[in-house]
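Working notes, beginning with the structure itself.
Rule-based calculations on the coordinates, nothing more; no lab input. For clarity, every value in this text was computed on a predicted model and none was experimentally measured. A quick note on method: Cβ atoms are made from the backbone with ideal geometry, for glycine too, and the neighbour counts reach across all protein chains shown.
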Amino acid sequence: MMLKNIFATRWGIIGVGGLIGVLAALLQKLGNPGNMGICVACFERDIAGAIGIHRAAVVQYMRPEIIGFVLGSLIAAYIFKEFRSRTGSAPIVRFVLGVFAMIGALVFLGCPWRALLRLAAGDGNAIFGLLGLTGGVWIGTLFLKGGYNLGRTEKTHTSVGWLLPLIMLGFLALMLIFPQIKGEAKSGILFYSLKGPGAMHASLIISLSAGLAIGFIAQRSRFCTMGALRDLILFKQTHLLSGLIALVVAAFIVNIILDQFHPGFAKQAVAHTMQVWNFGGMVLAGLAFALAGGCPGRQLFLAGEGDGDAAVFVIGMIAGAAFSHNFGLASSPKGVGPHGIAAVIIGILVCLFIGFTMRKKIA
Amino acid sequence: MSATVDAQGLSCPQPVLMTLDKIKKGSDKEIVVLVDSNTSKENVSRAAQSQGWEIADVQENEEGYRLTIKKD
């Protein structure tokens, strides 16, 4: 009989969600931006800034958490013999979904994890984002029920699954070769923020360690925020949802202890109060996540265990961050960007096109 | 003869959706589900059990897992 995977039990997923919540709140205390102890979308956006594919000066930092998520998952997958190199399930579609997922998330200002962390810190605007996320995932489940799917993956060379982990190792190497220099906006080829959220970060070793730990346990537990909502809507299953709730409760408790809980709507950290677009941005993101089969965090963990299509989604999100900031799509604390609303509408149309037209017969 | 659901190469939620479809058809007392990942195996097992089915057998092979689920 196989060794039972304790992380995949009810208490396992609750423990994992709780630990992510605690670590996120602590990372904020140790230097990460407000209500952004961990945000997969924001941190991938910061990575896009660090390598200069967008030049928004306040969001440039090679976030070690993201690197840790992929590598932690890779390590777990190898230890438990779950590393399977696979690809070929409509990669270009996954790239496009990644781009628009990021665009939607940056209109709200956060991935689902950050939406939960914002809620746990008292940011009422997050409620609209979470409602939008649920709405987007709900639309996605309608497509899933209607037969939407992107087709089967194929097993492939082991090295294919290694490419994203290697890219992450490359990012880490760049960070070590070109470390941040105090008061300098550039170190070698890497960009760093002098102010704004990009300038706020815990130390490399702490961020990387937290990322590795989360990557490891999330791979084991299959923690996924989109999956939590999808399984609830589609199957009335609360397994993944219990992890999501644990995350909020744990982060809330640590926020109270660390005096990081500030209830209200106005003047929340890295947030705006245009509720229609907090909602709308996350409808787009939620729909894109549902069509792609995972929230941004889950896509990183899947990429770590060899899923080349999830890796393409990740690259799509990083490219999406560049589009967002280069084209004025991303929001700021002042409100939505000049073209953010148009981008959300286009993104939803693109997702609907994908959902309606990609019903491959698989039986 | 038991019915077979081939969900190899498909990621969640497809294997679960396909298994539940087969269960809901109601004509089979035993279903064999082929999946290629541990995650899908866990998800399909969880979904089947929530429908009152039992996991009669799990076999691991080169291609993944062969689950046999049964309803009395």
What percent do you get for the relative contact order of region A:205-264 when only Cα pairs under 8 Å and 6+ apart count?
21 percent
Roughly how far apart, in whole Å, are the Cα centres of region A:323-345 and region A:196-230?
26 Å
Using a 10 angstrom cutoff on alpha carbons, build the Gaussian network for chain A and name the most mobile of A:G294, A:G21, A:G337.
A:G337
Order these peptides, A:39-50, A:130-141, by their mean beta-carbon neighbour count within 10 angstrom, highest first.
A:39-50, A:130-141
Can you list, by residue number, the Cys in the protein assembly as shown that have no neighbouring cysteine C-beta under 4.7 Å?
A:C111, A:C224, A:C295, A:C351, B:C12
Summing -39500 (n - 2.57) over every DSSP H run of at least 4 residues in chain A and dividing by its residue count gives a helix-only mean residue ellipticity at 222 nm, to the nearest 500 deg cm²/dmol, of -21000 deg cm²/dmol
Tell me which of A:L232, A:C351, A:L166 sits at the most positive position along the dipole axis of region A:2-357, charges placed on C-beta atoms (Lys, Arg +1; Asp, Glu -1).
A:L232
Please turn the phi angles of region A:282-287 into ³J(HN,Hα) values with the Karplus equation 6.51 cos²θ - 1.76 cosθ + 1.60 (θ = phi - 60°), one per residue in order, whole Hz, x for glycine and proline.
7, 4, 4, 4, x, 5
Loop-located trypsin sites (Lys or Arg not before Pro) in region A:61-132, at most 16 other Cβ atoms within 10 Å (DSSP)
A:K81
Between the alpha-carbon centers of region B:1-53 and region A:122-185, tell me the distance in whole angstrom.
27 Å
Kirkwood-based shape ratio for region A:90-221, expressed as Rg/Rh from alpha carbons:
1.01
Could you tell me, in Å, what Rg and Dmax come out for the Cα atoms of chain B?
10.6, 31
Just the ratio, please: alpha-carbon radius of gyration of region A:247-363 over 2.2 N^0.38 Å, N its number of residues.
1.28
Within chain A, count lysine pairs with alpha carbon atoms under 21 angstrom apart where the residues are 8 or more positions apart or belong to different chains.
15
Sorting A:A202, A:S242, A:A321 by the position of each Cα along the dipole of region A:2-357 (Lys, Arg +1; Asp, Glu -1; all at Cβ), the one nearest the positive end of that ordering is A:S242
Mean shadow of the protein assembly as shown, computed from the convex hull of its alpha carbons, in nm²?
19.2 nm²
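For peptide B:35-42, how many partner chain Cβ atoms fall within 10 Å of a residue's Cβ, on average?
5
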Within the protein assembly as shown, percent of DSSP bridges classed antiparallel, to nearest 5
70 percent
